[in-house]
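Peer 1: This is the structure I have questions about; it appears just below.
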Amino acid sequence: MNKAITDGLVLMPAPFSAGLGVWSSGDGTAGSTSYDGAPNAAIVAADQDFGGCLELVKTSTTQRLRHMVQTPYQVGMYLQLTVRLKVLSGGLPGARISCLPVTAGGSAISGLPTTADAVSLTSYGEVVTLRAIIGSGARQGVDLVWGTAPVAAHVGIELTGANGGVVRIDDFIVEDVTDVFHRKMMNWVDVRDHGAMGDGTTNDLTAFAAADAEAVASGREVLVSAGTYWLDGNFTFSAPVRFEGTIAMPAANRLALTRNFDLEGYAAAFGSEAEGLRRGLQALFHFTDHVSFNLNGRSVDVAEPIFVAENAGVAGSSFVQRRVIENGQLVPGGGAAWTPGSVTSQATYNTSSPYQLSGVANVANIEVGSLVTGAGVARETYVRSKNVAAGTVELSLPPGSQGGTRTYTFTRFRYILDFSGFGRLDRFEVMNVEFYCDGRASAIMLPPSGITTRIHGCVFNRPSHRAITSIGTGCQGMMIDECQFLSNEMPVRVQDRVTVGFNVNANDVKIRDNRAVRFRHFGVMHGSGHMFVGNHWFQGDAESPGVRTAGLVMTGINIKTLFTGNYVDNSFIEMTNEREPDPNWNNQYSFGGLSITGNIFTSIDVVSSFAWIVITPRGSGHYLQGMSISGNTFRAMNGTVERAEKVDTTWADLDYGRFRNLSVHGNNFNGVTSGCYNPLTVRHDQNSAASTWVADGGSNLAFGGYARVVTGVVAGGPVLQGSTQRYDMPWVQTEQGSARQSVNLRWPAAVTGTVWVTMRADNPV
């Protein structure tokens, strides 16, 4: 920088040969005495050392020489004043630079230094050079530090010491020397200063290391100036770095930006947001100084699925440190990279090895992470691993009870972030990221193993097939909080939809405060210990009346799960044992362990056989045990439904004689033909005298259960034999009538009256 050139500033004082009227013996301001006509000053036309110069006789204790024309002064600009002089005869004085700072109006500014260090003139005829630098900043080498107040200077010198000396002074030189301070003023170290070539072929690793070391030592940042720098190896910047140029390096090597660890830093380093994303993720799963990779709120076009473990060079490895991707949008580009792969193969399933397919034809072409479909295969069954040599495929969960050899289809969806290559991944989080799948891609595939994955505040916008897929136990302890799931099948009929929000194969999952719109299933769940709190999903369509699918499919048996404060709209909760290799009850826990409390259930324009809570047994002998349904509101709109809960008997029915610990109470029903209760209290009016009264529970016992137990009979008035009041108590006969939903009250005599009867479909203990 030289403002005499760039801004046209006039810095040089007038030569003495132009006249002494602009040279003052005072402070240099307007009105001060000039040397024009002074007896002790004369212009020398030719001097052997100086050419033209000023000859001055020192007559005052401090003999001052100041230029009366203002020299411009600017903040951030550093001026160097250079003067050469010599003593011809007389006393030998001292000499120093002396300059006056002034305001825009020309007034002197007090309190600022005006003189530099003095130099003694010790011999006659010796040329001595005086130099001083004026500037706003207190930097090393600045003699007169003036700050920001002055706008100009009157430059000059002072002669001190003995009088009588004859001194010749060469023309003054004022230069802009700001560039001398650039290395101090600018907080960067340029890699080119350490030998980096930036030609795209020379290995600049050594130069980068040297620049980084200097930047760390001096507390500055590294500047990667314009060019393309080839780094043939891993490199870590310990200092902050600024990129004007870009970096190129082998795909297997890593760049760690320890002070710029975000998408902006990596996008600048590699000249591309997409490549910056890949390189940032690569470093995230290697470098331990950072747990979070910030997308800086940017939208990144992803040309093809990112296989995160393979991208990081850690395929098959375990990674158990917390890692976070946050704050941005990922968008799949167009192209064939997002087309699902599909392989159809014959394989054998033996229910004694429920997690394996054997004798798999064409097993080498089956991709890990593929969805397995075929006759009798349970929903959301995936390939967790394969053994090509053995011809086997390991499954995420048992596919069901249909053994034998048959044809399966293995479909591999394409995910924006695919973690299937990890051996294990713990404590991984995605926060505030929108997966704008746009009907082309699925969003996240979880690792085959891991714990406490957390997905918070994300939007899954139009996934082509799946939003979140688990192919193993990488969903153990997973948390999905405050996310939005928006289907790609909004106008499609419910029964024709194929997209699924998420699936779970393991235990202890928390699903909280999410919203999902028009998927085939919001979630397909296995395992137990789950919590569903504050979610809202709806799965309706434009058909009237329309069929509906399950919002949540629970494929465990006794699932130890709570379901609280949710809004279930045009869908239902299904409990099924479709994954059991032997679906018949065999002395294990049966359907139950579920608490459904304080939820809103709604339907609009549905078939009357619709119900919000459905049990679907696949084998015989099962029953309900340990289930609570309380404090919920059920409302059917634009039509009625027969009941809120039911048993789907397509494959098998429940054993109603074995219900235990079933609590269904305190619920509200609107547009529901038969409410559900357990215990159920009914009123029976006996108008004709009889010794046997039949109290009918109708269809109101929960899940169409039998009237197995009577826990109370209370007279609603006098029990009369004729006109005589009787005080006898009846005894009861349970499970009466063809549906076994009535009880007989047996009296000692034929009587009339009213009673309230409380009956249960279960054994409450």
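Peer 1: Quick one: which residue in 215, 196 is over 25 Å from residue 76 (Cα atoms) and either without any contact (Cβ under 8 Å) to a residue 40 or more places away in the chain or in a loop (DSSP other than H, G, I, E, B) (or both)?
Peer 2: 196
Peer 1: Restricting to the range 288-311, count the residues that are modelled with pLDDT under 95 and surrounded by 17 or more Cβ atoms within 10 Å (Cβ to Cβ).
Peer 2: Number of matching residues: 1.
Peer 1: Just to check your reading of the model, which residue among 94, 90, 105 is out of contact with any strand residue (DSSP E or B) (no Cβ under 7 Å at 6 or more places or on another chain), of a type in the set (Gly, Ala, Ser) and assigned by TED's automatic domain parsing to the domain that holds residue 151?
Peer 2: Checking each option against the conditions leaves just 105.
Peer 1: For the range 330-379, name all the residues that are in contact with an Asp or Glu (Cβ under 8 Å, 6 or more places away or on another chain) and over 18 Å from residue 394 (Cβ atoms). Break it down into steps so the answer makes sense when it comes.
Peer 2: Our first condition is that a residue be in contact with an Asp or Glu (Cβ under 8 Å, 6 or more places away or on another chain); within the range 330-379, this holds for 330-333, 335, 337-338, 341, 343, 351, 355-356, 369, 371, 378-379.
Across the range 330-379, the qualifying residues are 330, 331, 332, 333, 335, 337, 338, 341, 379.
Peer 1: Cβ contacts < 6 Å: first residue in the same structural domain as residue 277 (by TED's automatic domain parsing) and over 10 Å from residue 281 (Cβ atoms), restricted to the range 306-317; second residue surrounded by 18 or more Cβ atoms within 10 Å (Cβ to Cβ) and of a type outside the set (D, E, K, R), any location; separation 6+ or different chain. Result?
Peer 2: Close Cβ pairs satisfying both conditions: none exist.
Peer 1: Still on this structure, I have one more. Does at least one position in the range 78-89 carry a residue that is touching a Cys at 6+ places or on another chain (Cβ under 6 Å) and among the charged types (D, E, K, R)?
Peer 2: Taking every residue of the range 78-89 in turn, none turns out to be touching a Cys at 6+ places or on another chain (Cβ under 6 Å) and among the charged types (D, E, K, R).
Peer 1: With the range 428-535 as the region, which strands (runs of 3 or more DSSP E) entirely inside it contain at least 2 residues that are under 22 Å from residue 574 (Cα atoms)?
Peer 2: It comes to 466-469, 473-476, 479-481, 484-486, 500-504, 510-512, 515-517, 521-525, 531-533.
Peer 1: Testing residue 507 on (1) in contact (Cβ under 8 Å) with a residue 24 or more places away in the chain; (2) closer than 28 Å to residue 439 by Cα, one condition comes back false. Which one is that?
Peer 2: Unmet condition: (2).
Peer 1: Can you name every residue in the range 652-693 that is touching a His at 6+ places or on another chain (Cβ under 8 Å) and in a strand (DSSP E or B)?
Peer 2: Let us first name the residues in the range 652-693 that are touching a His at 6+ places or on another chain (Cβ under 8 Å), namely 652, 654-655, 677-679, 693.
Answer for the range 652-693, where residues must be touching a His at 6+ places or on another chain (Cβ under 8 Å) and in a strand (DSSP E or B): 677, 678, 693.
Peer 1: Moving to a separate point now. In the set 449, 464, which member is closer than 21 Å to residue 302 by Cα, crowded, with 18+ Cβ neighbours inside 10 Å and of a type in the set (S, T, N, Q)?
Peer 2: It is 464.
Peer 1: Also: For the range 316-335, what are the residues that are modelled with pLDDT of 95 or more and among the hydrophobic types (A, V, I, L, M, F, W, C)?
Peer 2: Those that are modelled with pLDDT of 95 or more and among the hydrophobic types (A, V, I, L, M, F, W, C): 324, 325, 330, 331.
Peer 1: Testing residue 742 on (1) surrounded by fewer than 14 Cβ atoms within 10 Å (Cβ to Cβ); (2) closer than 26 Å to residue 609 by Cα; (3) among the hydroxyl-bearing types (Ser, Thr, Tyr), one condition comes back false. Which one is that?
Peer 2: Only one criterion in (1) surrounded by fewer than 14 Cβ atoms within 10 Å (Cβ to Cβ); (2) closer than 26 Å to residue 609 by Cα; (3) among the hydroxyl-bearing types (Ser, Thr, Tyr) is unmet by residue 742, namely (1).
Peer 1: For residue 34, state whether it is polar (S, T, N, Q), over 60 Å from the mean Cα position of the chain (by Cα), in the same structural domain as residue 167 (by TED's automatic domain parsing) and surrounded by fewer than 16 Cβ atoms within 10 Å (Cβ to Cβ).
Peer 2: no
Peer 1: Scan the range 400-411 for residues that are part of a strand (DSSP E or B) and either buried (at least 21 other Cβ atoms within 10 Å of the Cβ) or on the phi > 0 side of the Ramachandran plot (or both) and report the count.
Peer 2: Total meeting the criteria: 3.
Peer 1: Restricting to the range 620-633, give me the number of residues that are crowded, with 16+ Cβ neighbours inside 10 Å and either in contact with a Pro (Cβ under 8 Å, 6 or more places away or on another chain) or not in a loop (DSSP other than H, G, I, E, B) (or both).
Peer 2: The qualifying residues number 6.
Peer 1: Being acidic (Asp, Glu) and under 22 Å from residue 622 (Cα atoms): is that true of residue 685 here?
Peer 2: no
Peer 1: Sticking with this structure for a sec: Being surrounded by 18 or more Cβ atoms within 10 Å (Cβ to Cβ) and on the phi > 0 side of the Ramachandran plot is the filter here; which residues of the range 359-373 pass it?
Peer 2: 369
Peer 1: Just a yes or no: is a residue in the range 264-277 at pLDDT below 95, surrounded by fewer than 17 Cβ atoms within 10 Å (Cβ to Cβ) and of a type outside the set (Val, Ile, Thr)?
Peer 2: The answer is no; no qualifying residue exists.
Peer 1: Looking for whichever is in a strand (DSSP E or B) and surrounded by fewer than 20 Cβ atoms within 10 Å (Cβ to Cβ) here; the options are 758, 649. Which one fits? I'd like the intermediate steps shown before the answer.
Peer 2: Numbers: 649 fails: in a strand (DSSP E or B).
Being in a strand (DSSP E or B) and surrounded by fewer than 20 Cβ atoms within 10 Å (Cβ to Cβ) holds for just one of 758, 649, which is 758.
Peer 1: Now, a different point. When you look at residue 116, is it over 24 Å from residue 15 (Cα atoms), among the hydrophobic types (A, V, I, L, M, F, W, C) and out of contact with any helix residue (DSSP H, G or I) (no Cβ under 9 Å at 6 or more places or on another chain), yes or no?
Peer 2: Working: over 24 Å from residue 15 (Cα atoms): no; among the hydrophobic types (A, V, I, L, M, F, W, C): yes; out of contact with any helix residue (DSSP H, G or I) (no Cβ under 9 Å at 6 or more places or on another chain): yes.
It is false that residue 116 is over 24 Å from residue 15 (Cα atoms), among the hydrophobic types (A, V, I, L, M, F, W, C) and out of contact with any helix residue (DSSP H, G or I) (no Cβ under 9 Å at 6 or more places or on another chain).
Peer 1: Only one of (1) surrounded by 21 or more Cβ atoms within 10 Å (Cβ to Cβ); (2) of a type in the set (A, V, I, L, M, F, W, C); (3) more than 30 Å from residue 154 (Cβ to Cβ) fails for residue 217. Which number is that?
Peer 2: (1)
Peer 1: OK, next. Name the pairs: first residue in the range 121-134 and within 18 Å of residue 165 (Cα to Cα), second residue part of a loop (DSSP other than H, G, I, E, B), Cβ to Cβ under 7 Å, at least 6 apart or on different chains?
Peer 2: 121/92; 122/92; 127/49; 128/121
The values are calculated or read from the model by the stated rules, or taken from the named source; none is laboratory data. As the structure is a computational prediction, the values presented were derived from the model and not from experiment. Cβ coordinates were reconstructed from backbone atoms using ideal geometry, including for glycine residues, and neighbour counts include every protein chain displayed.
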